[in-house]
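Data block below; observations after.
What follows draws every value from the coordinates through simple rules; no lab data is involved. Values in this document were obtained by computation on a predicted structure and should not be read as measured data. All Cβ positions, glycine included, derive from the backbone under ideal geometry; neighbour counts span all protein chains shown.
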Amino acid sequence: MSENSLRLPSSIDLTSSPSSAEALQQWLHEWVVTVDHKRLGILYIVYAIFFLLVAGAEAVAIRIQLAFPGNHFLVAQAYNRFFTMHGTTMVFLVGIPILFGFGNYVVPLQIGARDMAYPRLNAFSFWLTAFGGLFLYYSFLGGGGLYGVGTAPDVGWWAYAPLTAKAFSPGHATDYWALALIVSGFGTLGTAINIIATVISMRCKGMTMMRVPLFSWLMLVVSGLTLITITPLTAAQIMLVIDRYLGGHFFDTQAGGSAVIWMHFFWIFGHPEVYVLVLPAFAIANEVIPVFSRKAIFGYPAMVAASVGIAFISLSVWAHHMFTVGMTSVSNTFFVLSTMMVGIPTGIKIFNWLATIWGGKIRFATPMLFCTAFLYQFLIAGLTGIMLAVAPWNWQLHNSYFVIAHFHYVLVGAIVFCIFAGIYYWYPKATGRMLSEKLGKWHFWLFLIGFHVTFDTMHFVGILGMPRSIYTYEPNRGWNTLNLVVSFGGIIQAVAVLLFALNLIWSYFRGQQAGNDPWDAWTLEWSTTSPPPAYNFVEEPIVRSRRPLWDLKHPEDPDWEYEG
Amino acid sequence: MLPILSVPLRSCLTRCLSFAFLWIEGRGPQATPSIMAPTSTPAYEIHALSLFVLSITGSIFAVVAGLLTYCVIKYRAKQADQLSEPAQIYGSTQIELAWTVIPVLIVIVLFLTTARLIFAIQDAPEPESSLDVTVIGHQFWWEFRYPKLGIVSANELHVPLSSEQAPVPTYLTLLSADVDHSFWVPQLAGKTDLIPNHPNATWINPLEPGLYVGQCAQFCGAQHALMLLRVYVDTPDQFSVWVKNQQQPAVEQPAVAEGKRVFETQACMSCHTIRGTAATGRFGPDLTHLMSRQTLASGAADNNAQTLRQWIQNPASLKSACLMPAMQLSDQQLDQVTDYLATLR
Amino acid sequence: MSAASGIAAAYPGEWRTPSRGRIAMLALIIGEAAIFTIFVVAYVFYIGKSLSGPTPQQVLDVPVFATICLLSSSLTIWLAERAIERNRMNAFTLWLGGTICLGLIFLGGTAIEWHKLIYHDGLTISTNLFGTTYYSLVGLHATHVVVGLTMLTIVFLFAVARCVEQKHAERISVLAMYWHFVDLVWVVVFTVVYVIGR
């Protein structure tokens, strides 16, 4: 019965006949009750792309408002809700779901397993995340309804205390923020536990930990990091709800409570969270760059060690978001050191990628275009990160548009670019069809240009003293033209993303047939059909090296003779 | 407060890097509050360090991006050459060691120079000659108190000019009456937050007179965007004139007694203080010398009789979401109270 | 395909990976430990900082008996694990029942303690920083005890209905891991609240 296919019934009759309505109903039902990791992965990704468009629209609205000083496109309260929701949505409803969606789809295939360790937990986790997101967006309808933008959260995605106390946020906006994220946080936790159990316990015969493909290795590291990253936020949000509804005083400065401790808890989550987001992007690059350079990844053990190192060190850097709150000079110095140290394994990864490309035969298909741009952009993002790590300079740059430029360079320039690369890379596997290369190149070049127009310029307006989170700005501060340029780049990016959405849909119906292994790649997912059957592999794979398909394609020169 | 780099080296670096970083020529206050146009000791030191860091990060970028570009061009797959795979290289311990050691050394250098400046700025001992100001952040305005001078003001900070020979820095104690705020005047110093129940301190040592602009840099609620800052660095003469004026109680003019009565009976005094009268409210700014300020509503509008009247009639028309309510005064009451307040120089 | 059979020939023996149940439970425990850590940090940070109201020294009595019961329940569940490994199902059911009883006694002790604190000493979650952090931390732990007891009771009912067999021993040990974690958390909470904080 259930072939693992997205396809609608081939004849949809517009006159309602029971059979096609029934077929549609059955199709929907299959997708709602599925526990198949591939379908859940696709559900995560589709969900995330939907919210990418929503949060992108929020960003476009923000940039329209800021294109001119004294603009009246969004009133202050609406603007504050938009930037809060843009950040919250992008991190929790786009970033995490899409990366765990990739993990869900690819990891069992790469390690030669039939499914995740706990398929039903997998489904439960997805629906928790989905519900959390819908609950968060219901806030737009609450309060005064859509007029005045309802009661959507308006306290910034970081929700600092005591602004979030009942006294300063009397409505339900903050409650939507806290409760929606608590719920989706449990979903994320479930998926993280599942991925850990899967990578450790469900590997096929012969796949020792040091033969696990780097994508799956990094998903393991990310999942482990998630366990101790999301949970502090959940704890802090529970404390916030206790303060708001049970009269608690965790962050009540009138009762002797501390606003700073919220910041500590939030950033103990917030900083490792950005590594939770970026490590899967590295994971995708670790697959795409070798295949399209036609070389094995340079220094696999070092890449594993660097990733684990990044995860550990990232737990010690959080207060570099708090250099201006008045910590002692000793504390500030410690966090400068830890932040600079985390740059070392990160930089090493760039060198490893460079060495992978070196001496290769690079094919610039769309996935590789995105990964190449990623390399430059992540380099720049890392360097502006080093600048921000210099605490005295941070005292100037903090909360300015320089910071926004820096983290969008990471989130968009590195992570979104890698996500696009990953989608172009694995879409053939999931659907059996190639995405259009022509549309892909249009998508890439437009997005690249728009990205740089916006975010390169943004660094400068921050240096000129423009702070963040402001719905308008003084007209005589020299920020006008730069803001207009930034906004213009946003429009270009929006067009590019729409082209991408078009590509996804068009190629599903009209794309070139992909076959098992369109990229001539080396990991196990390319050994089965496109799309894979529900059970993934006809026979359980047996492997002897990190690139099992390389061994099969090059029996005279197999990897296992070179891997120690 | 020793500079990190010697002056000649600093000015050389400045010239080298200025073209890329929007150096604003000339010294002194700018309309654009650029962090690259410092006029006060902490901002100078930060600027010097920033140029040093930029030169290092710039070099790293040049090297790595250069190598990347070289690879991307040289190692493109050529049409004729699609069939064979290139040599597979799995790693090299020596190379990997080298490119671990070099970043470690760079980090050590960056860390030590940074640490030195952190201690120099944060733990700088306060000299006897300094001026103490207490800054209290409110939603959405700034309260300034000069405890030793008996002055209370709002939104526009006056500080004395300092010099390297005879420093008169201003030390700011930062408090908050409600939520988190942040004091940021880029040309003078880095920002420091105002957090309730968590007093902070910062200092400026301005070496060029004039008006410096900034604004609140920590999101503090609906009208965070218009919580602007003006810092007037006055010459010694200007400053003593200003202080003397501020220390006086409010001007009393019989001609505007009607307006004063409106002020006292229409609940204005429950939020505002006018020293020398019965008004001692603390929720809103001190109005004793309202007309000595150039702007209203923490910079949202110019301060003249017309905008003052509009502000009192409907504050939200100048600064939406501010916490001052429209007092529903009649036209006559508005005229009278505006005339009264206009006398408070 | 000689390459494939060459690969297969390299693995004549058995391929073992760690038990997924244990790994998953360990991961859950690590996540939960992180949540508890944040509540413990808040508790410790706010020791002595309440501006008013009853202090720990004034109102807290050390719950010795309840603690002994809870920690003993770790022993009884361990005995239950050993029993099921050796297919001694009656002993298993007995020790499991004992674990549940000891857990219930612990909860009862907490309930009595809270009744006294609220009605006699006037300490609630909104009274002061001590009240907020105390009820949150101890309450979070008690919630985990409730969840654990619920799982144990379900297994107990299955055991009484003779549906649990020796082959389920590993699942029992995964559940026992959770219960041991709950006890370990109590050791930490007890130390922080009743020893250090008083």
query: How much of the DSSP beta bridge set in the protein assembly as shown is antiparallel, as a percent to the nearest 5?
result: 70
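What ranking do A:MET90, A:MET327 get, fewest neighbouring Cβ atoms within 10 angstrom at the top? Let's see the in-between values first.
Details: A:MET90 26, A:MET327 19.
With the fewest neighbours first, A:MET90, A:MET327 line up as A:MET327, A:MET90.
Could you sort the peptides A:433-441, B:242-250, B:212-220, C:123-131 by per-residue average Cβ neighbour count (10 Å cutoff), highest mean leading? Please report the intermediate quantities before stating the final value.
Working: A:433-441: 18.8, B:242-250: 15.1, B:212-220: 26.6, C:123-131: 22.1.
The densest-packed peptide leads the list: B:212-220, C:123-131, A:433-441, B:242-250.
Run lengths n ≥ 4 of DSSP H only: what is the helix-derived mean residue ellipticity at 222 nm for the protein assembly as shown, with -39500 (n - 2.57) per run over all residues, to the nearest 500? List each step's numbers first, then the result.
On the way: 32 runs with 608 residues, N = 1107.
That calculation yields -19000 deg cm²/dmol at 222 nm.
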message: What distance in nm lies between label points placed 7 Å from Cα along the C-beta direction at A:ASP456 and A:ALA167?
response: 4.9
- line: Once amide hydrogens are built 1.01 Å from N within the peptide plane, the residues lying 5 or more places from B:THR192 or on another chain with amide H under 5 Å from its amide H are B:PHE183
- prompt: What is the average number of partner chain Cβ atoms found within 10 Å of a Cβ in B:316-323?
  reply: 1
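Pulled fully out, how much extra length does the chain show between B:THR69 and B:GLN248, if you take 0.36 nm times their separation in residues and subtract their Cα-Cα distance?
Values: separation 179, 0.36 × 179 = 64.44 nm, distance 6.83 nm.
Residue separation times 0.36 nm, minus the Cα-Cα distance, leaves 57.6 nm.
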message: Between C:GLU113 and B:ILE108, what is the label-point separation in nm under the 7 Å Cα-to-beta-carbon projection?
response: 5.2
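Averaged across the residues of B:172-182, what count of C-beta atoms belonging to other chains lies within 10 Å of each residue's C-beta? Walk me through the intermediate numbers first.
Numbers: counts 0, 0, 1, 0, 3, 0, 6, 12, 10, 0, 5.
Average neighbour count from other chains, rounded to a whole number: 3.
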field: Nearby aspartates and glutamates by direct alpha-carbon distance to A:LYS295 (threshold 17 angstrom, same-chain neighbours under 8 apart not counted)
entry: A:GLU287, A:ASP517, A:ASP520, A:ASP551, A:GLU556, A:ASP557, A:ASP559, A:GLU561, A:GLU563, B:ASP81, B:GLU85
Packing rank of C:164-176, B:31-43, where each peptide gets the mean count of other beta carbons within 10 Å, highest leading: B:31-43, C:164-176
message: For chain B, what does the relative contact order come out to in percent, with C-alpha contacts under 8 Å and a separation of six or more?
response: 16
field: Most positive-pole-ward Cα, A:PRO533, A:LEU504, A:SER545, against dipole of the range A:417-560 from beta carbon charges
entry: A:LEU504
- prompt: Can you list the lysines whose alpha carbon sits under 30 Å from that of B:LYS319, skipping same-chain ones fewer than 8 residues off?
  reply: A:LYS166, B:LYS191, B:LYS260
field: Size of the protein assembly as shown as Cα extents on the principal axes (Å, biggest first)
entry: 106, 81, 70
message: Relative to 2.2 N^0.38 Å, what does the C-alpha radius of gyration of chain B come to as a ratio? Two decimals please.
response: 1.33
- prompt: Taking a ≥ b ≥ c as the square roots of the eigenvalues of the Cα gyration tensor of the range B:244-288, is the shape rounded (a/c under 1.5), prolate (a/b larger than b/c) or oblate?
  reply: oblate
Distance between modelled label sites at C:ARG171 and B:GLN165, nm, 7 Å Cα→Cβ extension: 8.9
- prompt: Straight-line reach from A:LYS441: which aspartates and glutamates have a Cα under 15 Å away, not including same-chain ones fewer than 8 places off?
  reply: none
query: Averaged over all directions, how much area does the convex hull of the C-alpha atoms of chain A cover when projected, in nm²?
result: 27.1
- request: Partner chain Cβ atoms within 10 Å, averaged over the residues of A:302-314 - can you pull that number for me?
  value: 1
query: Taking the Cα centre of the range A:37-561 as the origin and placing charges on Cβ (Lys, Arg +1; Asp, Glu -1), which of A:ALA117, A:LEU227, A:TYR245 is farthest toward the positive end of the dipole?
result: A:ALA117
- line: For chain B, percent of DSSP beta bridges that are antiparallel (nearest 5) comes out at 70
- prompt: Do any trypsin sites (Lys or Arg not before Pro) in the range C:70-158 lie in a DSSP loop with no more than 12 other beta carbon atoms within 10 Å, and if so, which?
  reply: C:ARG86
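Say R0 is 45 Å: what FRET efficiency, to the nearest 0.05, do A:VAL32 and C:ARG162 get from their beta-carbon distance? Don't skip to the end; give the middle numbers.
Numbers: r = 36 Å, r/R0 = 0.81.
So the FRET efficiency works out to roughly 0.80.
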